[in-house]
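The values are calculated or read from the model by the stated rules, or taken from the named source; none is laboratory data. These numbers were taken from a predicted model, which means no experiment stands behind them. Don't worry about glycine lacking a Cβ; one is built from the backbone with ideal geometry, like all the others, and counts go over all protein chains shown. Calculation scope for accessible area: heavy atoms of the full protein, side chains included, ligands and nucleic acids excluded. Shrake-Rupley method; radii C 1.70, N 1.55, O 1.52, S 1.80 Å.
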Amino acid sequence: MSSAAMIDRYRWWEIILIYCGIALFLFFVLAPFFEGFMVSLKPLSQLFSSPYRFWPENGSFEAYRTMWVSVPGFGRYIFNSFFISIIVTLIVLCLVIPAAYAFAKFEFKGMGILLGAFLTVNMFSGAVLLIPLFRLMRSMGVLNTYLAMIVPGVAFLIPSAIWLLRTYMIRIPQELNEAAYMDGASHFYTLRRVILPIAMPGIIVVAITTFIGAYAQQFIFALTFNSKTEYMPLPVGLFAYFGKQEVIWNELMAASFVGIAPAMVVIFFLQRYLVGGLTAGAVKQ
């Protein structure tokens with residue numbers, strides 16, 4: 001059914017209400033970002049002026065220059081965040097692809113219990129498990145290294161990734177597996193040559209969501225398992241803008257926008273794969 005035909009199903013006032021609801025939702029989502037950007041353009045002296053001015057007076061991008069001077073290691077923090085997120089994403093994909101294939105295409109004893117256990121893991125916050133995780137990282141000798149943030153990141157992102165990719169692989173016809181088996185192909189060959197090309201949109205979705213999750217959850221692990229500046233990711237590095245006497249809010253906002261810009265660029269160029277992967281297989285052929 002075309003989009004025009006679906007719109008014709010609604011009355012004119014229903015369409016207006018739908019668009020008003022979308023506009024209201026977007027306002028509440030985007031307003032904090034817009035306000036943060038306005039703060040980054042204001043001199044520090046204007047941030048707490050009375051009455052408060054939304055639009056900056058004599059606004060400039062000076063904070064985007066001075067933030068590199070205030071925190072010399074800021075570039076390193078961005079690199080660390082990207083490095084950790086990319087490594088976590090690669091490890092999760094290597095583990096999740098065969099696991100999702102097994103859960104989607106085979107029946108084995110205890111499968112339901114394992115899938116339920118994966119959901120249970122997602123119910124626990126990282127803060128609840130910080131003490132046992134700290135003892136585990138210390139026993140492994142990986143405190144104050146990249147591994148101290150990579151290992152828990154992988155552990156917390158695998159369950160949701162398995163569920164997401166399994167749901168996509170279930171929609172791949174089982175006849176493809178059976179045909180490959182009749183031709184003498186092994187399970188690994190079938191996965192590599194038959195399933196992976198078809199499941200690539202779903203894999204891209206899992207990769208993007210895993211990257212975003214790894215980029216967002218670094219704060220609590222880095223703050224607990226790492227004390228060396230050279231391994232600090234961006235969320236912890238932003239604390240450098242909190243001084244003993246005051247917070248440099250304009251530079252903090254500028255640093256936040258610069259920090260998320262690379263991730264937003266990646267998402268922008270991959271969004272068509274994300275939408276395609278989420279909607280592929282949704283319509284029964």
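Of the residues making up the range 267-283, none is at pLDDT 80 or above and open to solvent by less than 20 Å² (accessible area, probe 1.4 Å).
For the condition open to solvent by 60 Å² or more (accessible area, probe 1.4 Å) and modelled with pLDDT of 90 or more, Leu147 qualifies.
Restricted to the range 1-14, and to residues that are assigned to a helix (DSSP H, G or I) and open to solvent by 100 Å² or more (accessible area, probe 1.4 Å), which residue is modelled with the lowest pLDDT?
Trp12
Here Phe82 does not qualify as farther than 20 Å from Phe257 by Cβ and under 32 Å from the mean Cα position of the chain (by Cα).
Exactly one residue out of Leu157, Leu119 is in contact with a helix residue (DSSP H, G or I) (Cβ under 9 Å, 6 or more places away or on another chain) and within 16 Å of Gly202 (Cβ to Cβ): that is Leu157. The number of residues in the range 148-205 being outside any helix (DSSP H, G or I) and aliphatic (A, V, I, L, M) comes to 2.
The set of residues in the range 15-52 that are outside any helix (DSSP H, G or I) and over 18 Å from Val258 (Cβ atoms) comprises Pro43, Leu47, Phe48, Ser49, Ser50, Pro51, Tyr52. Residues that are small (Gly, Ala, Ser) and either closer than 30 Å to Ala180 by Cβ or part of a helix (DSSP H, G or I) (or both) within the range 102-129 comprise Ala102, Ala104, Gly110, Gly112, Gly116, Ala117, listed in sequence order. Quick check on the range 40-55. Is at least one of its residues more than 30 Å from Thr229 (Cβ to Cβ), open to solvent by less than 60 Å² (accessible area, probe 1.4 Å) and not assigned by the TED database to the domain that holds Val258? Within the range 40-55 (the criterion being more than 30 Å from Thr229 (Cβ to Cβ), open to solvent by less than 60 Å² (accessible area, probe 1.4 Å) and not assigned by the TED database to the domain that holds Val258), the answer is yes, since at least one residue qualifies. Taking the conditions exactly as written (surrounded by fewer than 19 Cβ atoms within 10 Å (Cβ to Cβ), under 26 Å from Gly116 (Cα atoms) and either among the basic types (Lys, Arg) or touching a Phe, Trp or Tyr at 6+ places or on another chain (Cβ under 9 Å) (or both)), does Ile162 satisfy them or not? No.
Please go through the range 165-202 and pick out each residue that is crowded, with 19+ Cβ neighbours inside 10 Å and at pLDDT 85 or above. The answer is Leu165, Arg166, Tyr168, Met169, Thr190, Leu191, Ile195, Ala199, Gly202. Among the residues of this structure, Phe82 does not count as one that is within 30 Å of Met232 (Cα to Cα), out of contact with any Gly (no Cβ under 8 Å at 6 or more places or on another chain) and either outside the structural domain of Pro173 (by the TED database) or hydroxyl-bearing (Ser, Thr, Tyr) (or both).
Residue-level check: of (1) out of contact with any Pro (no Cβ under 9 Å at 6 or more places or on another chain); (2) part of a helix (DSSP H, G or I); (3) at pLDDT below 70, Gln245 misses just (2).
The residue that is nearest to Phe134 (Cα to Cα), among those in the range 216-237 that are part of a helix (DSSP H, G or I) and open to solvent by less than 30 Å² (accessible area, probe 1.4 Å), is Phe225.
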